[in-house]
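Enquirer: Below is a structure I'd like to ask you about.
The values are calculated or read from the model by the stated rules, or taken from the named source; none is laboratory data. Remember, it's a predicted structure, so these values are computed and weren't measured experimentally. Cβ coordinates were reconstructed from backbone atoms using ideal geometry, including for glycine residues, and neighbour counts include every protein chain displayed. Protein only, heavy atoms only, side chains kept; ligands, DNA and RNA dropped before computing areas. Shrake-Rupley method; radii C 1.70, N 1.55, O 1.52, S 1.80 Å.
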Amino acid sequence: MQMEHKVKYKTIFISPFSLNHKEDDNCDINIVLETGEIYFGLLMTVKNVTTLASKRDYDGCLDMVDTIIVPNMEKETIKSALDRLIDEKRLDEVFTKIGTLKTEDFDYSFEEINDFQTWWKDS
């Protein structure tokens, strides 16, 4: 049973998102609040942390900001993690506010955005 949130939000993938490697993947997202505020964050699976640490010259260590680590990249898991963040009023502690829907160069309304879409579509 999904809880109704006082704060409505939508999840936007910054680049095309695929569930091909749902246990070992990461993706950049924007969280768009109904107020028009936009936050940036990274979702990363537990296994992906290990994969990236082993591929890079970090002696197994990674620095991360704006990140939530999730068990997998399934839609339900992502939604649950973000719901918890919103419900706990921790969005601005964990992710970075990067702007709003209405600027000089950017003019969207919350209603125009579909949850779990990507920003950029091929023309």
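Enquirer: Would you pick out the residues in segment 46-71 that are at pLDDT below 95 and closer than 24 Å to TRP119 by Cα?
Expert: Across segment 46-71, the qualifying residues are ASN48, MET64, VAL65.
Enquirer: What pairs come up if the first residue lies in segment 95-108 and is within 16 Å of THR11 (Cβ to Cβ) and of a type in the set (S, T, N, Q), the second is open to solvent by less than 100 Å² (accessible area, probe 1.4 Å) and part of a loop (DSSP other than H, G, I, E, B), and their beta carbons are under 6 Å apart, counting only those six or more places apart or on different chains?
Expert: Qualifying pairs under 6 Å: THR96/ASP66.
Enquirer: Still on this structure, I have one more. Considering only residues that are closer than 14 Å to THR11 by Cα, touching a Leu at 6+ places or on another chain (Cβ under 8 Å) and among the β-branched types (Val, Ile, Thr), which ones fall in segment 79-94?
Expert: Those that are closer than 14 Å to THR11 by Cα, touching a Leu at 6+ places or on another chain (Cβ under 8 Å) and among the β-branched types (Val, Ile, Thr): none in segment 79-94.
Enquirer: Moving on. Taking segment 50-66, which residues are among the basic types (Lys, Arg) and assigned to a loop (DSSP other than H, G, I, E, B)? Lay out the reasoning, then the answer.
Expert: We begin by selecting, within segment 50-66, every residue among the basic types (Lys, Arg); these are 55-56.
The answer is ARG56, and nothing else.
Enquirer: Of the conditions (1) exposed (fewer than 14 other Cβ atoms within 10 Å of the Cβ); (2) touching a His at 6+ places or on another chain (Cβ under 7 Å), GLU88 fails just one. Which one is it?
Expert: (2)
Enquirer: Still on this structure, please answer the following. Criterion first (open to solvent by 30 Å² or more (accessible area, probe 1.4 Å), touching a Leu at 6+ places or on another chain (Cβ under 9 Å) and of a type outside the set (S, T, N, Q)) does ASP25 satisfy it?
Expert: Against the criterion (open to solvent by 30 Å² or more (accessible area, probe 1.4 Å), touching a Leu at 6+ places or on another chain (Cβ under 9 Å) and of a type outside the set (S, T, N, Q)), ASP25 qualifies.
Enquirer: Right, something else. Taking segment 63-77, which residues are over 10 Å from GLY41 (Cβ atoms) and among the aliphatic types (A, V, I, L, M)?
Expert: Of everything in segment 63-77, those that are over 10 Å from GLY41 (Cβ atoms) and among the aliphatic types (A, V, I, L, M) turn out to be MET64, ILE69, VAL70, MET73.
Enquirer: Sticking with this one: Go through segment 67-93 and report how many residues are in contact with a helix residue (DSSP H, G or I) (Cβ under 6 Å, 6 or more places away or on another chain) and either closer than 16 Å to LYS6 by Cα or assigned to a helix (DSSP H, G or I) (or both).
Expert: Of the residues in segment 67-93, 2 are in contact with a helix residue (DSSP H, G or I) (Cβ under 6 Å, 6 or more places away or on another chain) and either closer than 16 Å to LYS6 by Cα or assigned to a helix (DSSP H, G or I) (or both).
Enquirer: Which of the following residues is open to solvent by 90 Å² or more (accessible area, probe 1.4 Å) and in a strand (DSSP E or B): LYS97, LYS47?
Expert: Just a single option satisfies the conditions, and that option is LYS97.
Enquirer: I would also like to ask the following. Any idea how many residues of segment 5-22 are closer than 21 Å to SER109 by Cβ, modelled with pLDDT under 75 and open to solvent by 100 Å² or more (accessible area, probe 1.4 Å)?
Expert: 0
Enquirer: Scan segment 60-87 residue by residue and report those that are under 12 Å from the mean Cα position of the chain (by Cα) and of a type in the set (Asp, Glu).
Expert: ASP66, ASP83
Enquirer: Sticking with this structure for a sec: Of these, GLU111, GLU76, which one is open to solvent by 100 Å² or more (accessible area, probe 1.4 Å) and under 16 Å from LYS8 (Cβ atoms)?
Expert: Details: GLU76 fails: under 16 Å from LYS8 (Cβ atoms).
The unique qualifying residue is GLU111.
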